[in-house]
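Participant: Before I ask anything, here is the structure I am working with.
The values are calculated or read from the model by the stated rules, or taken from the named source; none is laboratory data. Owing to the predicted nature of the structure, the values given are computational and were not obtained by experimental measurement. Because the Cβ atoms are built from the backbone with ideal geometry, glycine has one as well, and the counts that use them run over all protein chains shown. Accessible surface areas use protein heavy atoms only, side chains included; no ligands, DNA or RNA. Shrake-Rupley method; radii C 1.70, N 1.55, O 1.52, S 1.80 Å.
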Amino acid sequence: QVQVVESGGGWVQAGGSLRLSCAASGSIVSISRMGWYRQAPGKQRELVATVTRDGETNLADSVKGRFTCSRDNAKNTVYLEMNSLKPEDAAVYYCNALVFSRERIEWYDYWGQGTQVTVSS
């Protein structure tokens, strides 16, 4: 099986910073895209940032210039550095990894359980 586990969420005042981490483990052959999505109460889940195995990133317009997404391929880990946080950034942040596993023998999207980010004004 493949597990995807996030860490690093919490509470921060507006203007502050947080760093999220997400590690994939288990019967992994290869990981392609990794990234972060978020879902605020009453809203749909939305893309925050993705990063390819080669390090190419794609960020939502709402976080460009404030968030940075990176990964460590050796550790199967993706990071989200969040600066200048705003109240509208508050949400549950979910990690996503497109994984080729020994079990499924195909590419499959795995999701973490989510980590809460709270931003107070």
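Participant: Report whether or not Val51 is open to solvent by less than 20 Å² (accessible area, probe 1.4 Å) and over 12 Å from the mean Cα position of the chain (by Cα).
Facilitator: Numbers: open to solvent by less than 20 Å² (accessible area, probe 1.4 Å): yes; over 12 Å from the mean Cα position of the chain (by Cα): no.
No: the conditions fail for Val51.
Participant: Restricting attention to segment 69-115, which residues are under 12 Å from the mean Cα position of the chain (by Cα), over 14 Å from Met34 (Cβ atoms) and open to solvent by 60 Å² or more (accessible area, probe 1.4 Å)?
Facilitator: Once the filter is applied, which keeps residues that are under 12 Å from the mean Cα position of the chain (by Cα), over 14 Å from Met34 (Cβ atoms) and open to solvent by 60 Å² or more (accessible area, probe 1.4 Å), segment 69-115 yields Glu81, Gln113.
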